[in-house]
Every structure is written in C-alpha cells, then in structure tokens.
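Nothing in this text is a laboratory measurement; each read-out follows from the coordinates by a stated rule. These figures come from a predicted structure and were not determined experimentally. Ideal geometry is used to build each Cβ from the backbone, glycine not excepted, and the neighbour counts take in all protein chains shown.
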Amino acid sequence: MASVLQGVRVIDFGRYIAGPWCAALLGDLGADVIRIERVDGGEDRWVAPVTDDGVGAMFLQVNRNKRCLTLNPVKPEGRKVVERLVKGADVVVANLPPETLVQMGLDYETLRGYKSDIILTTVNAFGSGGAWSNKVGFDGLAQAASGNMYLSGPEGHPTRASAPYVDFSTATLSALATMAALMHRNQTGEGQFLEGALLRSALTWMGPTIIEQDLLAVNRVSTHNRGQTAGPGDTVRTKDGWVMCLVIGQYQFERWCQMVGKPELLHDDRFKDDLARGDNGEILSACTSVWAAERTTQQCLDEMEARKVPGGPVLSPQQALDEPHIRQIGVFSPMEYPTAAQPVPIANFPVTMSASPGTIRRRAPQLGEHTDEVLAELGYSSAEVAALRDARIV
C-alpha cells in the first residue's frame with residue numbers, strides 16, 4: 001500500500017525537537033526525509049545519551065524515518081549541494097531564527113530561486129515581526145512567556161512542564177500546515193513560506209485563560225495541581241501512591257459526593273456550579289484527600305470507576321512502560337539501533353488511521369550514514385564526494 005506522501009522529498013535542517021519532529025511526522029506518512037547535520041554531528045544528537053556511542057533519547061525519537069547527510073551549508077561548495085538538494089525536493093524544514101535563515105542561505109527568497117514551487121516550513125521561538133524575533137529560544141521560554149508557568153506549580157513557584165509540549169505541538173501544527181501547503185501546491189502549482197513559532201503555540205494553548213483575563217481581569221494565580229474552573233480536580237495521596245481525581249459538571253460532582261460520603265455538599269452554595277467549585281476547590285481537595293488516604297491506589301481507582309468519577313493513577317516513567325493498557329494500545333515500537341544495548345521503544349505515529357497509517361520504516365540514522373548515497377542521487381561522482389569529504393564540506 002502506497003503511503004500518502006510517497007514521492008515527496010523533505011530536506012530537514014531542523015535541530016532539537018520542533019523542526020525534526022515536524023519532518024519525522026512527514027516521514028511517518030511516507031515522505032523521503034533527508035536530515036542535514038554538521039560534519040561533527042549536531043548538538044541535538046547527543047542530548048540525554050542512551051547508546052554506547054552517546055546518541056540521545058530525543059534524537060532517536062524525533063529522527064526516525066530519515067536518512068542523514070553531513071554537510072556544511074555555509075561554505076560555497078556546501079551551498080551548491082544545498083541548491084541541488086532543493087531542486088529535487090518538495091519541502092525544506094528549518095527551525096531557525098529569521099536572521100539565521102538568511103545567513104545560511106535558507107530563506108524563502110533564496111530557496112525559491114532554486115525551485116519556484118518549494119515549500120519552506122520554518123519554526124522559531126518567538127515569531128517574526130516583533131522585538132524578540134531574532135532571539136534564540138527553547139520550549140521552556142515559550143512556556144514562561146505564555147502565562148503557563150505562572151499558573152503551574154505551587155503558588156509562588158512558577159513551574160515548567162517536564163514534557164516539552166510546546167516544541168512537540170508546534171512541530172505537529174507545522175506538519176499539518178505543510179500537508180495543507182502540499183495540497184495547495186497540487187491545486188495551484190504554487191509553493192509557499194510557513195512559519196510556526198513556539199510562543200504562538202503556547203499562547204494558543206493558554207487561549208481560554210487569556211480570554212478570561214482580558215474580559216474579566218480575574219488575575220488568577222497558581223493552585224498547583226488543583227483545577228480552577230471546576231472541581232474537585234487534584235492529585236491526592238493514597239496509602240501506596242497518588243491518584244488524580246478530575247470532576248467536571250454537575251452529574252460527576254453528584255457522583256463524587258456520594259463516593260466520598262459528603263452528600264450534604266450538593267446543597268452548599270459554595271459548590272453550586274463548576275466555577276464555584278473551582279473557586280472553592282481547596283475544600284473539595286481536602287475531602288478527596290481524606291477519602292484517598294484510607295485506600296490503596298487500586299482501591300481508589302476501582303471505586304472511581306464504579307461511580308464513573310474520572311480518575312487515574314499518577315505513574316512514573318517505568319510504571320508507564322509497565323502499564324498493561326499502554327502496551328495494549330500499541331504506543332511504542334521496539335527498534336534496534338546499532339549502538340543501543342537493547343531495542344529502543346520509539347513512539348509510533350500518534351494518530352491511528354484505518355486506511356493510510358503513519359509507519360516507522362527506518363530507525364534514526366547514524367551520523368553521515370547516507371552521505372554517499374544521497375550525494376550519488378544528486379549526481380556526484382565518487383571522486384567528487386571524496387573531494388568534498390577532504391574539504392570537510394561533507
């Protein structure tokens with residue numbers, strides 16, 4: 001069965017997460033993705049090393065379904081390689097500030113001169129057109145500037161989410177936009193320039209809170225894990241662990257009251273609706289805490305399930321790996337890597353599709369693994385490749 005992006009070639013100048021994950025998703029859907037990496041390897045290859053030669057966990061996740069070409073695109077000979085790459089490509093992905101794109105010759109005007117219908121998909125930290133546009137930034141800075149960190153963690157202790165959700169979500173939106181741009185090109189013959197920005201994504205996810213603040217000036221502060229617009233919603237300690245109870249709506253609240261033995265709260269005006277329950281959530285969290293402290297985690301989960309009260313366990317990474325449900329729904333595929341001591345659990349394409357599923361066909365590449373192969377496809381002879389290698393262009 002042909003993949004939906006079979007025949008599409010993507011040149012990936014991405015680093016770390018946002019650019020590489022965007023390109024990986026396109027690769028999952030069938031695109032031929034060529035990762036361009038510095039001759040000595042990009043810094044993102046070595047973050048959180050897990051293999052014998054120091055390759056990092058994030059690299060293995062976000063660079064599957066790619067071939068790797070080492071290249072210095074700044075030198076004149078390197079730019080000639082880039083030109084040949086772009087002429088045979090459909091999409092270029094780069095998560096770099098606008099000024100850096102120009103310095104590297106990866107700006108849209110330059111690439112369009114090589115191929116008029118090229119699609120350039122970029123991601124940067126803060127978005128173009130503002131005072132911060134050329135600042136270098138990462139996921140955590142977008143979390144901080146969006147209001148999310150201010151409202152996360154214990155009061156007075158702004159807390160970053162451990163998972164880099166802004167990077168991954170911006171990459172996913174950029175992949176969606178790239179798919180739309182490919183459809184547009186099929187309809188019109190026209191390429192285009194796309195820009196995702198970490199801050200723009202982070203502010204979008206904070207949209208409801210931003211709207212509430214703008215219209216009502218409520219000036220919310222952090223309440224740690226306790227919800228603010230409904231309740232009870234909090235993590236509470238059990239006899240042997242933690243659970244999260246998350247109640248929204250009157251019917252669920254009625255069931256929770258019966259479960260924790262507090263039916264009188266149904267007639268208390270402090271808890272008359274979701275917003276009131278959010279405003280007085282500390283009281284409700286205390287009730288849940290007393291109830292959970294007398295039970296094991298499994299007992300809490302069983303009772304919540306029996307009452308149809310939304311709840312779940314707080315799992316460590318190892319517990320998540322061991323959880324039968326997570327195994328049953330097939331989130332991870334074990335993949336061999338030449339220098340890994342055991343198969344690596346790589347997360348599959350995150351949406352199941354009945355007719356045209358995203359698939360992982362290749363492990364992440366070793367440094368320069370496909371340099372000779374890709375250059376040969378571009379028409380370079382063995383002698384020319386050797387000369388480029390001697391000059392450290394590749």
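Values as computed for the structure displayed
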read-out: Phi to ³J(HN,Hα) by Karplus 6.51 cos²θ - 1.76 cosθ + 1.60 over segment 95-100, Hz, x for Gly, Pro; value: 9, 9, x, x, 5, 5
read-out: Exposure proxy ranking, count of Cβ atoms within 10 Å, fewest first, for CYS300, CYS257; value: CYS257, CYS300
read-out: Formal net charge of residues neighbouring GLY27 (Cβ-Cβ distance under 11 Å; K, R +1; D, E -1); value: +4
read-out: Stretchable slack from ARG295 to SER381, in nm (0.36 nm times residue separation minus alpha-carbon distance); value: 23.9 nm
read-out: Hydrodynamic radius (Kirkwood) for segment 207-312, which is based on Cα pairs only, to one decimal in Å; value: 14.1
read-out: Estimated 222 nm signal from helices in the chain, with DSSP H stretches of n ≥ 4 weighted -39500 (n - 2.57), rounded to 500; value: -11500 deg cm²/dmol
read-out: Alpha-carbon gyration tensor eigenvalues x 5, square-rooted, for segment 103-249, Å; value: 38, 17, 15
read-out: Environment charge at VAL309 (Cβ cut-off 9 Å; Lys +1, Arg +1, Asp -1, Glu -1); value: +1
read-out: For ALA197, residues with placed amide H under 5 Å, excluding near neighbours; value: ASN124
read-out: Segment 303-370 shape via C-alpha gyration tensor axes, a/c threshold 1.5; value: oblate
read-out: Listed pairs LYS239/LYS272; LYS272/LYS308; LYS239/LYS308; LYS66/LYS135 exceeding 25 Å between Cα atoms; value: LYS239/LYS272; LYS66/LYS135
read-out: For segment 254-326 versus segment 93-167, the gap between their alpha-carbon centres in whole angstrom; value: 38
read-out: Other-chain or far-sequence residues with amide H under 5 Å of VAL92's (modelled H); value: ILE11, ILE119, LEU120, THR121
read-out: Per-peptide average of other Cβ atoms within 10 Å, ordering 212-223, 15-26, 343-354 highest first; value: 15-26, 343-354, 212-223
read-out: Segment 13-159: Cα Rg divided by the 2.2 N^0.38 Å rule of thumb; value: 1.16
read-out: Ratio of the Cα radius of gyration of segment 251-352 to 2.2 N^0.38 Å, where N counts its residues; value: 1.54
read-out: Inter-site label distance for ARG389 and PHE332 at 7 Å from Cα along Cβ, in nm; value: 3.6
read-out: DSSP-defined beta bridges in the chain - what % are antiparallel, rounded to 5; value: 35
read-out: Antiparallel bridges, percent of DSSP beta bridges restricted to segment 1-154 (to nearest 5); value: 5
read-out: 5 angstrom amide H check on VAL344, placed H, neighbours 5+ away; value: MET335, GLU336, TYR337
read-out: Cα-based equivalent ellipsoid, segment 150-228: semi-axes from gyration tensor eigenvalues, Å; value: 35, 15, 8
read-out: Phi-based couplings in Hz for segment 271-287 (Karplus 6.51, -1.76, 1.60; Gly and Pro marked x); value: 10, 6, 8, 4, 4, 5, 5, x, 5, 10, x, 4, 5, 5, 4, 4, 5
